[in-house]
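S.K.: Before I ask anything, here is the structure I am working with.
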Amino acid sequence: LAQAASWNTDMVKRGGEITAYEVRATGIPWNFSPVLDLGRDPRWSRLFETYGEDVLLATEMGLATIEGYQGNNLADAYHVAACMKHFLGYSMPRTGKDRTPVYIDEIQLREYFLPTFQAAINAGAATVMINSGELNGIPVHADKKILTDLLRSELGFKGVAVTDWEDIMKLNNIHMVAPTLKDAVYMVIDAGIDMCMVPNDYDFTILLTELVKEGNISEARLDVSVKRILELKKQLGLFEQPFTPANTDYKKFGSTEFARAAQNMAEESITLLKNNNQVLPIQQSAKILVTGPAANSMTYLNGAWTRTWQGTDTIWNDQSKYTIREAFNPATTTFIASDNMSDTDVREKMFAAAKASDVIIICLGEKPSTEKVGDIDALTMPDNQQQLVGLLKSTGKPVVLVLVENRPLIVNDIEPLCDAIVLAYEPGDYGGLALANIIYGKVNPSGKLPFTYPRHEASLLWYDHKHTETLDQTFGRKAFNPQWEFGYGLSYTTFQYSNLKISNDTLSTGNLQISVDVTNTGTTTGKEVVQFYIADRYASITPSVKRLRGFEKVEIKPGTTHIVTFTISAKDLAFVGRDEKWISEAGWFDIMLGSEKSSFYLSK
């Protein structure tokens, strides 16, 4: 999710290359990533594993990762097979809780949840992992329509399809569609699964052998999956070299070069959400109080899937890395733990330290979690964390709120108490240093939200919502009123958009060229994410208020102008119509680039 907040595909690709290099160095030729599910429900515990809520952004980030993983030759010593996951529709459970039923109609499924996978397949993604849950009442592992008709016949995927963890067993003991485990094995093989992820026993192998000997599964069907697996091994060079040779050059493993790339990514992703009266950046000589549950925790910075499944076991932390409080100037920084605020002495000590400081930095967030362990009943920030903000704000000193989150928690009540707010996501081992560099002004923040940050728990809308979701037509209340909108993020400088040009006011065949001037009107060099949106005025399927159709991140020096150009065709204006097929309809379209707007007509 933080990578998506960088809106920098080059850096994401580089991250994929580094990951592939270090994974292959450990002797593993296959990485279970990237997650191509859309992150459109902030209640979902795996939101942080996605590239956000938008189809285009998630697609481009996924493609960059796959290119970084796989390179041009899977058999070389520095690349791995990618695994796009989780096919299909996994990220939108009705309850918001992991692995609970998903209901998505065919139009929405094809327009929003399929394109990331289609693009990955077209780019040569080697493998796919299947959705653990059920989609429209059918467990996906047992759905031949999804795994064979759609994935293979329609999308043209030829690689290996692997189950998720013990999901064949779950058809019998959780989904309750298979009376026996043997029935479950039959279902998944018939549906189109190639490989079973079940690390604890050999029952799958035994039962599959029985099914083949009994004639219930043909050897020809088995051969199809065996061939796919053997072809993957061949592509990876495992027949010639089954293990990573001990003399292979992996001198860059854990290198300063790789560490710098990780820190650069964190610096480009961290998002400045509020900065009243230019409280940030602060002087390095400023006296600061750093507190909050995320202030002195590497597990908060790293999140789940880091060293351990849930990422909460502190004994595996790298002691050479810096927490947030350790990354600030030790000569001017006071740290007080906030885990015992019910103690009067601690509260008085905290209050006194705050009064003696120039700036208060409060680091809040959510304990790392993922999958079922991360299921929650509320998106609200814990009461004790909110009370901490209120206590320290009463000192009258500037308050900087740092959010270390795997999903957006509601901050509606404490936002007015904060002079500045920085969203750090889960920025990794070098996140503390990256955050300090931004707060001290050594780095100009350039991250932009890859999701819509909700203001209220019962109002979870996306940026590309429908017109009926914008206003309550009866009472005139504003229904779409998020805390911060998708694509939002501040900088220490300012940018002005002007001179929007369209190559033609009508698009029939070919392409349209759209350009805009972006000028840095401030005094600091900064990076701006130029976001290109289009709105279909009228359509046979109710159109979204706008859709992202392009983006580019550019670095601009003070007083200079950068011309950013986008190219579109009729295909970029298409949507899934009533017949569940993609269509581009004639009509007027509006263009939005920053503050600039224009329109053009698509002819038949």
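The values are calculated or read from the model by the stated rules, or taken from the named source; none is laboratory data. Values in this document were obtained by computation on a predicted structure and should not be read as measured data. Glycine also receives a Cβ, built like all others from the backbone with ideal geometry; neighbour counts cover every protein chain displayed. The accessibility values were calculated without ligands, DNA or RNA, using every heavy atom of the protein model including side chains. Shrake-Rupley method; radii C 1.70, N 1.55, O 1.52, S 1.80 Å.
S.K.: Given a Förster distance of 25 Å, report the FRET efficiency between Thr542 and Arg221 from their Cβ-Cβ distance, rounded to the nearest 0.05.
M.R.: 0.05
S.K.: Need the list of lysines near Lys213 for cross-linking: C-alpha distance under 22 angstrom, and skip anything on the same chain fewer than eight residues off.
M.R.: Straight-distance partners of Lys213: Lys182, Lys227.
S.K.: Considering only the chain, what is the antiparallel percent among its DSSP beta bridges, to the nearest 5?
M.R.: Rounded to the nearest five, the antiparallel share is 60 percent.
S.K.: Okay, moving on. Per residue Cα convex hull volume for the chain, in cubic angstrom?
M.R.: Residue-normalised Cα hull volume stands at 179 Å³.
S.K.: What is the spin-label model distance, in nm, from Asp383 to Ser503 if the labels are put 7 Å beyond Cα along the C-beta direction?
M.R.: It is 6.1 nm.
S.K.: Right, something else. Check cross-link reach from Lys372 to the aspartates and glutamates: straight Cα distance under 13 Å, and skip same-chain residues fewer than eight apart.
M.R.: Once the sequence-local aspartates and glutamates are set aside, what remains near Lys372 is Asp98.
S.K.: Pairs of alpha-carbon atoms within less than 8 angstrom and 6+ residues apart define the contacts here; what relative contact order does the range 155-296 have, in percent?
M.R.: For the range 155-296, the relative contact order is 19 percent.
S.K.: Also: Return the aspartates and glutamates within reach of Lys393: Cα separation strictly under 16 angstrom, same-chain partners fewer than 8 residues apart disregarded; answer none if there are no such residues.
M.R.: Partners found: Glu348, Asp358, Asp383, Asp413, Glu415, Asp419.
S.K.: Sticking with this one: Note the per residue figure in Å³ for the convex hull of the C-alpha positions in the range 274-361.
M.R.: For the range 274-361, the hull spanned by Cα atoms encloses 133 Å³ per residue.
S.K.: Also, quick follow-up: Restricting to lysine pairs 8 or more places apart or on different chains, what number in the range 1-154 have Cα atoms under 23 Å apart?
M.R.: So the count works out to 4.
S.K.: Right, here's the next one. Using θ = phi - 60° and the Karplus relation 6.51 cos²θ - 1.76 cosθ + 1.60, list the HN-Hα couplings for the range 577-583 in order, rounded to whole Hz, with x at every Gly or Pro.
M.R.: The phi angles translate into x, 5, 8, 6, 10, 6, 8 Hz.
S.K.: For Cα pairs less than 8 Å apart in space and 6+ apart in sequence, what is the mean separation divided by the residue count of the chain, i.e. the relative contact order in percent?
M.R.: Relative contact order comes out at 13 percent.
S.K.: Still on this model: Mind putting together the pair-distance distribution for the range 129-193? All Cα pairs, 5 Å bins, whole percent per bin, short to long.
M.R.: 4, 20, 32, 25, 12, 6, 1
S.K.: In whole percent, and with a 1.4 Å probe on the protein chains, what portion of the accessible area of the chain is carbon and sulfur?
M.R.: Carbon and sulfur atoms account for 51 percent of the accessible area of the chain.
S.K.: Using a Debye calculation, one point per C-alpha and no hydration shell, please list log10 I(q)/I(0) for the range 238-395 at q = 0.09, 0.10, 0.21 Å⁻¹ in order.
M.R.: Taking Cα atoms of the range 238-395 as identical point scatterers yields -0.42, -0.50, -1.55.
S.K.: Strictly over 23 Å apart at the Cα level, which of Lys287/Lys442; Lys287/Lys367; Lys546/Lys581 would you flag in this model?
M.R.: In this structure, Lys287/Lys367 exceed 23 Å between Cα atoms.
S.K.: Can you divide the C-alpha Rg of the range 170-220 by 2.2 N^0.38 Å and report the result to two decimal places?
M.R.: Compared with the compact-globule rule of thumb, the range 170-220 sits at 1.08.
S.K.: Related question: Compute the accessible area per residue over the chain, keeping the other protein chains in place, probe 1.4 Å, unit Å².
M.R.: 43
S.K.: How far, in nm, would the chain grow between Asn276 and Trp309 when pulled straight, counting 0.36 nm per residue and subtracting the alpha carbon separation?
M.R.: 8.0 nm
S.K.: Spin-label point model (7 Å from Cα, Cβ direction): what's the Val373 to Ser255 distance in nm?
M.R.: 3.4
S.K.: Once you keep just the Cα pairs under 8 angstrom separated by 6 or more residues, what percentage relative contact order results for the range 469-604?
M.R.: Over the range 469-604, the number comes to 26 percent.
S.K.: Placing +1 on the Cβ of each Lys and Arg and -1 on the Cβ of each Asp and Glu in the chain, which of Ala58, Asn200, Asn317 has its Cα farthest towards the positive end of the resulting dipole?
M.R.: Positive-end residue among those listed: Ala58.
S.K.: How high is the FRET efficiency between Asp413 and Asp345 when r is their beta carbon distance and R₀ equals 35 Å, given to the nearest 0.05?
M.R.: For Asp413 and Asp345, the calculated efficiency is 0.85.
S.K.: Among 116-124, 308-316, how do they line up by average Cβ neighbours within 10 Å per residue, starting with the highest?
M.R.: Packing order, densest peptide first, comes out as 116-124, 308-316.
S.K.: OK, next. May I ask you to list the GluC sites (Glu not before Pro) in the range 211-257 that are in a DSSP loop and have at most 10 other Cβ atoms within 10 Å of their Cβ?
M.R.: For GluC sites (Glu not before Pro) across the range 211-257 that sit outside H, G, I, E and B with at most 10 neighbouring Cβ atoms in 10 Å, the list reads Glu214, Glu240.
S.K.: A follow-up question, please. Go ahead and estimate [θ] at 222 nm for the chain from helices alone: -39,500 (n - 2.57) per DSSP H run with n ≥ 4, summed, over the residue count, rounded to 500.
M.R.: Result for the chain, helices only: -7500 deg cm²/dmol.
S.K.: How much length is gained if the chain between Thr560 and Asp190 is pulled fully straight, taking 0.36 nm per residue apart and subtracting their Cα-Cα distance, in nm to one decimal?
M.R.: 127.1 nm
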